[in-house]
Every structure is written in C-alpha cells, then in structure tokens.
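J.: One structure is given below, represented as structure tokens, and several questions about it will come after.
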Amino acid sequence: MKFAIIKERKNPPDRRVVFSPEKLAEARAQFPDAEFIVESSDIRVFPDASYAALGFKVTDDVSDCDVMIGVKEVPIEYLVPNKKYFYFSHTIKKQPYNRKLLQVMLDKNIEMLDHETIVNEKGFRLIGFGRYAGLVGAYNGFRALGLRDDLFNLPKVETLADLDAVKAELDKIKLPNIKILLSGTGKVAKGAKEILDHLQIKEVSDALYLTSKFTEPVYCLVDVMEYSKRIDGKVGDKWEFYKDPTGYESNFMSYAKETDYFIAGHFYGTGAPYLFTRDDAKHSDFNINLVSDISCDVDGPVASTLRASTIADPFYGYDPQTETEVTYDAKGAITVMAVDNLPCELPKDASEGFGDTFLKHVIPAFFNDDKDGVLSRAKMSENGKLTERFSYLQNYVDGEE
C-alpha cells in the first residue's frame, strides 16, 4: 500500500505535516509493506531535503498513491478521484463554507477519513493538535497581558524555534497577582495547564479560589460540573450532561466575579448553557478583563468572542456595555485572544506530536485488518455515499440545511 504525505495548499499557508522525516522513517521500519511517498512542498516546516536524506521519494506527482495524508482541507481542484484521504475537512458540524468540498468528495468517490473522526470505541478522539493549541493559547494570553498593561514584551510564538524556546521566554517574565481560571479537562486544557505549571503558578481548589484573596498569581482548573448546575437544584452528573444538557444552567458567574484572566479550553456541545452571556459581562461584579478563547466558538458560550482573530493580528477588545469590538487595550474592555489555528504557530512540535499519535493509532489499522475499528469509525464516505455513521450529513450535502 502506498501512502502520500501531501502538500498543504490552503491559504493562509500551514507549515504543519502529519509526519516528520524521523517519524516517517519509524513508520517505514514498523511496516515494511507500506511505501511512503512525499509530495514536494516549499512551505512545510521540514524541507524536502530532510525527507530525501532518509531515503524517501520526493515528487510533484503522488497520484499513484492509495492513501493521501494531509492536515488542512484539500482545495477541490487538487482532489484525486477514488483515493482515501485523511485531513481536517471541517464538515462534520455542517460548516456551510465546506459543503461543496464534501459534495465533490462524494462525486469523486473519495473515501474520507477526517482526523476529527478518529476516535476510540467510547468516542474519544485519538489524535489531534489540541495540546499545542492549549500551549500557544495560554502563552498568547500572557503576551496580551504584558502588552496591554506594559508589564513585559513576549515575542510571537511563530518567531520562536520550538516549545523549548517558548518556555525560555516565559522564564523571563514576572506576573502580577492575578487569578486565572482554566476550563476543560481535555488535551487543550492540559496544554494550557502545562504553560501555567511552567510559570510555577500555584494551583488552588475551586473552593479556595472562590473565597480567598492571594498575594501571588494563582489558577483554578474547572470542569463542566463546576461551571454548570442542574436547574432543579439536584446534584449534576457529567455524563448525563454530555448526553442531554437541557436541564442545566450556567454557574460561571461565581467564577467570573473572582477571575482576571480566563482561558477557555473546554469543549462546547450543542445545547449546553453558555458560560457567560453579553448581559453577564455587563454586570458590575463581572471581573474578567482578559480572555484566551482557545475553543473559539464565535458568538457562542464565551460572549466576548465576536470573531476569530488571526496569528498576524491576534488580539481585539470587547466592550461589554456596547457589545462591540474595540481596541484590545481600550479602557473598560475585555481583551480577547481568539486565534482559531493556534497550532500553526508551533509547526515543528505540533507535527512531531501529531505523528506520534497517527503512527500509534492509524497506520497499524491498515495492516491488522482494522481490529480496533479505528478506520471503520472514522470513515465518512464510501462508494460515493455517506457511511451510516455520518448519514446525518445528508441534508447538509443536499443543501437543505
């Protein structure tokens, strides 16, 4: 079986890749029946020469390969019919801007396996860039704090070589006595926590966080059952919430009154209560003045996120009283960091980490008869039709919603 590491063609350019040269060599050693070809790229974080030096064929034409492996959406004109594709298609939530992409993949008889749909038997994602989104998102929030309050001047992550360089820059700063709230328990939150722990910020319990003042910076990590509560006053259940959140309401304001910097690293499910609304942000007790919204659900559960920001221009302000965008350092504004492609700022580390999990969970499935069901669960389309698991997308494909 022939696998192609395809060139990233989406704009703005993305320098990430699923396999670093060293990890691809590891895959070749583990699976001698696999042949790996690399499509030439002038933007990839690892140059063509580094793959060629390890004996991989680098070429402009990979159309004879069976499986195409990329990161971001493949432009429609570059889709090769009758192939298997791995990439983030951004279609599983019925994103309107990619409807045509899914339609064309079905027309071209492409077997689509989205990185987001690679899950275990319990439905938990096996691969992704979440950790790196969390790392960069938390760092960017501190960068905004330093610039806004004239405390320190952290460089942009994209100008630094790797994660070690990022952490070295953090070693140079001194934080004021702020209270930081981090939401979530997944890979994104763990990445953000890694930054907080590197800064040696003290972690405190929610009970202490909500009732105490401190003489040093502290942070509190909260899960969905801390910032959501049952409407009927009964004890909430996390798994019940995931199945049906309609009986719950937000309990976030108790935290918003005590928080300076909020890092949104949670996953937001459809129908769940918003963490804080525009009306909440108007409240005189609402204390948050800096938000790093790594989750970046626009006009959603974090009211200050009016739009996604960009790596080039990562910060803007939200005026709670007028509900409008202002400059990030405007008086009375909530400073917002809402970049939606954060791992792109750390392409080398993100690619290396992604390759570790892809080699562990995906490549073996091609050679062990998919004994764990990884490929069958991930497969969105086959023989020109949606698979049963993704049949809910049919109305989306038909243009009816």
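J.: For residues that are more than 18 Å from the chain's Cα centre (by Cα) and among the β-branched types (V, I, T), tally how many sit in the range 287-337.
T.: Residues flagged as more than 18 Å from the chain's Cα centre (by Cα) and among the β-branched types (V, I, T) within the range 287-337 amount to 7.
J.: Further question: Out of all the residues in the range 90-113, which are at pLDDT 95 or above, over 16 Å from I5 (Cβ atoms) and either of a type in the set (A, V, I, L, M, F, W, C) or under 19 Å from the mean Cα position of the chain (by Cα) (or both)?
T.: L101, L102, V104, M105, L106, I110, M112
J.: Are any residues in the range 36-46 surrounded by 14 or more Cβ atoms within 10 Å (Cβ to Cβ) and either of a type outside the set (A, V, I, L, M, F, W, C) or in contact with a Leu (Cβ under 7 Å, 6 or more places away or on another chain) (or both), and if so, which ones?
T.: If the condition is that a residue be surrounded by 14 or more Cβ atoms within 10 Å (Cβ to Cβ) and either of a type outside the set (A, V, I, L, M, F, W, C) or in contact with a Leu (Cβ under 7 Å, 6 or more places away or on another chain) (or both), then F36, E39, S40, S41, R44 are the ones that fit.
J.: Restricting attention to the range 130-181, report how many residues are of a type in the set (A, V, I, L, M), crowded, with 16+ Cβ neighbours inside 10 Å and assigned to a loop (DSSP other than H, G, I, E, B).
T.: 4
J.: Pairs needed: first member in the range 17-35, more than 12 Å from S50 (Cα to Cα); second member anywhere, hydroxyl-bearing (S, T, Y); C-beta distance under 6 Å; at least 6 residues apart or different chains.
T.: Final answer for the pair search is V17/S351.
J.: Going by the structure shown, is D370 out of contact with any strand residue (DSSP E or B) (no Cβ under 8 Å at 6 or more places or on another chain), modelled with pLDDT of 95 or more and closer than 21 Å to A189 by Cβ?
T.: Against the criterion (out of contact with any strand residue (DSSP E or B) (no Cβ under 8 Å at 6 or more places or on another chain), modelled with pLDDT of 95 or more and closer than 21 Å to A189 by Cβ), D370 does not qualify.
J.: Is one or more of the residues making up the range 111-127 closer than 20 Å to D197 by Cα and not hydrophobic (A, V, I, L, M, F, W, C)?
T.: Checked the range 111-127: no residue is closer than 20 Å to D197 by Cα and not hydrophobic (A, V, I, L, M, F, W, C).
J.: Can I ask one more? Out of all the residues in the range 315-354, which are among the β-branched types (V, I, T) and buried (at least 22 other Cβ atoms within 10 Å of the Cβ)?
T.: I334, T335, V336, V339 - these are the residues of the range 315-354 that are among the β-branched types (V, I, T) and buried (at least 22 other Cβ atoms within 10 Å of the Cβ).
J.: Regarding T327, is this residue touching a residue at least 60 places away in the same chain (Cβ under 8 Å), of a type in the set (S, T, N, Q) and touching a strand residue (DSSP E or B) at 6+ places or on another chain (Cβ under 6 Å)?
T.: no
The values are calculated or read from the model by the stated rules, or taken from the named source; none is laboratory data. Keep in mind that what you see is a predicted model, and the values were worked out from it rather than measured. Backbone-built Cβ (ideal geometry, glycine too); neighbour counts: all protein chains shown.
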